[in-house]
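Working notes, beginning with the structure itself.
The values are calculated or read from the model by the stated rules, or taken from the named source; none is laboratory data. Just so it is clear, the structure is predicted and the values come from calculations on it, not from any experiment. FYI the Cβ positions are ideal-geometry reconstructions off the backbone, even for glycines, and counts take in every protein chain you see. When the accessible area is computed, the model is the full protein with side chains, heavy atoms only, and any ligands, DNA or RNA have been set aside. Shrake-Rupley method; radii C 1.70, N 1.55, O 1.52, S 1.80 Å.
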Amino acid sequence: MRQKLIAGNWKMNGSLSANADLLSGVCAGLSQPHCEVAVCVPTPYLAQAQLALAESKLKLGAQDVSAHAAGAYTGEVSASMLLEFGVQYVIVGHSERRAYHSESDAVVAQKTLAALAAGLTPIVCVGETLEQREAGQTNDIVANQLNSVLAVISSDDVARIVVAYEPVWAIGTGKTATPSMAQEVHAFLRSQLAIKNAAAAQLVAILYGGSMKPDNAGELLGMADIDGGLIGGAALKAADFLAIIQAV
Ligand code: 13P
């Protein structure tokens, strides 16, 4: 059985007091989680979250990591630094970083390697724009994004990554891929993983992200190859986040 994972991506939202409320609300509703649950918080709040989650089953994640181990890289945060704050998951290649910070497939691949080398679980994000979907390029785009990562990691490490399919046109827009649309891409991504390591491909959690909410989570999560969600907006409200976890 594949591990189901619901991960919240807070993006650049939060404050000390709002985080304290959100984390205590989520923890209170999560005494015996029936799946893996993580929150990926902004870097300055890692210490706060580490402390708040110390007694909880909720795992901690970060939203980005440097491809480099240490040195003259102003503003960057290394995988070993994240590890010191109890981080277990790190998002790499989110479409917002690809779009606003010009992260190439090659950089995303190096970040994935850095995360793996430190013992973190990278959540590798892939997804097409609306223009690309309408041009019938979805599979080509997500295959290129995933394969640039698979090209640099060992076949043994395939089982150590999480993949997130996040169609760019569904992020923060209220538009979701239909469950069958998402399932089709997820199954395709699994077939790409299988070319590198067939056994591991069956173990890799492939998350869906893009306007997943309590009212559509059940249907999406019911699809054979959708193993969880990467949740943006709905992860900022404890009740919504908990309802999505409940839908697993
Ligand atoms: P929304 O859930 O707000 O659409 O964001 C999805 C996302 O980008 C998660 O990484």
Could you tell me which trypsin sites (Lys or Arg not before Pro) in segment 1-88 are loop residues by DSSP with no more than 16 other beta carbons within 10 angstrom of their beta carbon?
2, 57
Max mean-square fluctuation residue, GNM over the chain, Cα-Cα springs under 10 Å, options 194, 109, 38
194
With the contact rule set at Cα under 8 Å and sequence spacing of 6 or more, what percent relative contact order holds for the chain?
21
Computed [θ] at 222 nm, deg cm²/dmol, the chain (DSSP H ≥ 4; -39,500 (n - 2.57); rounded to nearest 500)
-12000 deg cm²/dmol
Part-to-part distance (alpha-carbon centres) for segment 55-130 and segment 173-248, which is given in Å
20
Just need the relative contact order of segment 109-200 here, percent rounded to a whole number, with Cα pairs under 8 Å and 6+ apart.
35
Determine the per residue accessible area of segment 18-119 with all protein chains present and a 1.4 angstrom probe, expressed in square angstrom.
48
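So which GluC sites (Glu not before Pro) in segment 131-223 end up in coil per DSSP with only 15 or fewer other C-beta atoms within 10 Å? Let's see the in-between values first.
On the way: sites: 131, 134, 184, 219; in loops: none.
When the GluC sites (Glu not before Pro) of segment 131-223 are filtered for loop state and at most 15 Cβ neighbours within 10 Å, nothing remains.
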If the cut-off is a Cα-Cα distance under 23 Å, which lysines reach residue 196, setting aside same-chain residues fewer than 8 apart in sequence?
4, 111
Under 11 Å from the Cβ of residue 36, count the other residues' Cβ atoms, weight Lys and Arg +1, Asp and Glu -1, and hand me the total.
+3
Compute a Gaussian network model of the chain, connecting alpha carbons closer than 10 Å, and tell me which residue from 231, 161, 171 fluctuates the most.
171
Show me, for segment 197-212, the HN-Hα J-couplings you get by feeding each phi into the Karplus relation (A = 6.51, B = -1.76, C = 1.60, θ = phi - 60°), rounded to Hz, glycine and proline as x.
7, 4, 5, 5, 4, 6, 9, 6, 6, 10, 8, 9, x, x, 6, 6
Quick check on segment 65-153: take the gyration tensor over C-alpha atoms, sort the square-rooted eigenvalues as a ≥ b ≥ c, and tell me if it's rounded (a/c under 1.5), prolate or oblate.
prolate
For segment 186-195, take each phi angle, set θ = phi - 60°, evaluate the Karplus expression 6.51 cos²θ - 1.76 cosθ + 1.60, and give the result in whole Hz per residue in order, putting x for glycine and proline.
4, 5, 5, 4, 5, 5, 5, 4, 5, 5
